[in-house]
Amino acid sequence: MNPNRSNPSLSPSGGGVPPFPLSALVGQDALREALLLVAVDPSIGGVLVSGPRGTAKSTAARSLAELLPDGHFVTLPLGASEDRVVGTLDLDEALRAGEIKFSPGLLARANNGVLYVDEVNLLADALVDVVLDAAASGINVIERDGISHSHPARFVLIGTMNPEEGELRPQLLDRFGLMVQLENCFDPDVRQRIVKARMAFDLDPDAFRESYATEQQSLARGICEARAVLSTLTIGDDVHEAVAMRCIEAAVDGMRADLVMLRAARALAALESATAVTGEHVERVADLVLGHRRREPTQRTNDAQSRSAPANREREQGRGDERAAGDRNVAAGASAGSGSDGLGGSGHDDPDWGYLPPESAGIVNVKGVIPLSAKKR
């Protein structure tokens, strides 16, 4: 691949400025490595770049596209509708002619290239779900009124966001394979190098890009070669164990982190022309995989308390019911034992409780009443 070749989406002939070379980025080693990993294996699930304004997020995203064999760079705007993203099906044509007429959307256009979502944290959750599904599977499926159509959508997903403008929901954050957290630079030397490189590029983009042509060609060639050998690399049990222990220590939810870490370590090994994935590769990608998934001890405690709260309430309610029943039994026993009802019983367990001994009623002579025996005489 020639990084200086004409590309309608990247070159001035297409109405734009050629991209800043990825190899010329200053002070962004972690970001460059993350972009190369997802370029080698898009099934990693894309990379989310979070950072304040002016930290080269969009510059880096655009610089990756020209290193890919096809070089497509597609931007997903915030106001895009779902039909524009996934494509549309002509149902009338399907019913009339029995053929599916599909109008491709942005996911189809991004196939074999880069799909860039700026300010992804401000995009509708439903659209983010659709994009992440396609990025993970490499296939986009459209279903309308019982009619289904699918097409390849193997693209490198790059999302960027400024945390000052709002966070991404944890459920969506976890679905991004890698995450790079950029910070403001307070090193005077690094800042000067960044500014000098940018000013040189702005003054003469072609000359600046030519000075980095060898490095760019090396990166492009490395991506192609790594893709070719990716499936041949072996992953030993020791690597699986290292990944599992890393994820357990981070207390991540589910198994996505394990899978992403293995894929990222394999992509790194392929880029470095290694014959097998090693524990060192795992160590080097661990922060990119776990940075946005790691849960702090306080969060783990709160989650555990939230999960155990219903059971605790049930247990407390059970104890309360037992105490109430015991109190009623004690009260009943005390009432019976104290003779408060005037019967002097010893409790409900006594078989003679409530028994009254017989008493002689006697004969009472009532004035004015003649005994029946006297009448007979």
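Quick look at the numbers
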quantity: Sole exception among (1) surrounded by fewer than 21 Cβ atoms within 10 Å (Cβ to Cβ); (2) within 28 Å of the chain's Cα centre (by Cα); (3) at pLDDT 95 or above for VAL40, by number; calculated: (1)
quantity: Matching residues, the stretch 124-176, being out of contact with any helix residue (DSSP H, G or I) (no Cβ under 8 Å at 6 or more places or on another chain), surrounded by fewer than 16 Cβ atoms within 10 Å (Cβ to Cβ) and more than 28 Å from SER63 (Cβ to Cβ); calculated: VAL141, GLU143, GLY146, SER148, SER150, PRO170, GLN171
quantity: Subset tally (residues that are out of contact with any strand residue (DSSP E or B) (no Cβ under 8 Å at 6 or more places or on another chain), surrounded by fewer than 23 Cβ atoms within 10 Å (Cβ to Cβ) and within 20 Å of ASN162 (Cα to Cα)) for the stretch 56-77; calculated: 3
quantity: Subset of the stretch 129-183 that is under 19 Å from the mean Cα position of the chain (by Cα) and basic (Lys, Arg) - its residue that is nearest to ASP253 (Cα to Cα); calculated: ARG175
quantity: Given (1) out of contact with any helix residue (DSSP H, G or I) (no Cβ under 9 Å at 6 or more places or on another chain); (2) surrounded by 13 or more Cβ atoms within 10 Å (Cβ to Cβ), number of the condition PRO188 does not satisfy; calculated: (2)
quantity: Residue within the stretch 160-170 that is in a helix (DSSP H, G or I), in the same structural domain as VAL26 (by TED's automatic domain parsing) and acidic (Asp, Glu) present; calculated: yes
quantity: So ALA126, is it among the small types (Gly, Ala, Ser) and either out of contact with any Asp or Glu (no Cβ under 9 Å at 6 or more places or on another chain) or outside any helix (DSSP H, G or I) (or both); calculated: no
quantity: Pairs, first in contact (Cβ under 8 Å) with a residue 60 or more places away in the chain in the stretch 66-84, second outside any loop (DSSP other than H, G, I, E, B) and of a type in the set (D, E, K, R), C-beta under 7 Å, six or more apart; calculated: HIS72/ARG109; PHE73/ARG62; VAL74/ARG109
quantity: 3 or more residues touching a strand residue (DSSP E or B) at 6+ places or on another chain (Cβ under 7 Å) and not assigned by TED's automatic domain parsing to the domain that holds ALA30: qualifying helices (runs of 4 or more DSSP H) within the stretch 198-274; calculated: 256-271
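The values are calculated or read from the model by the stated rules, or taken from the named source; none is laboratory data. Keep in mind that this is a model prediction, so the values were computed, not measured. Reconstructed Cβ throughout: ideal geometry from the backbone, glycine too, with neighbour counts over all protein chains shown.
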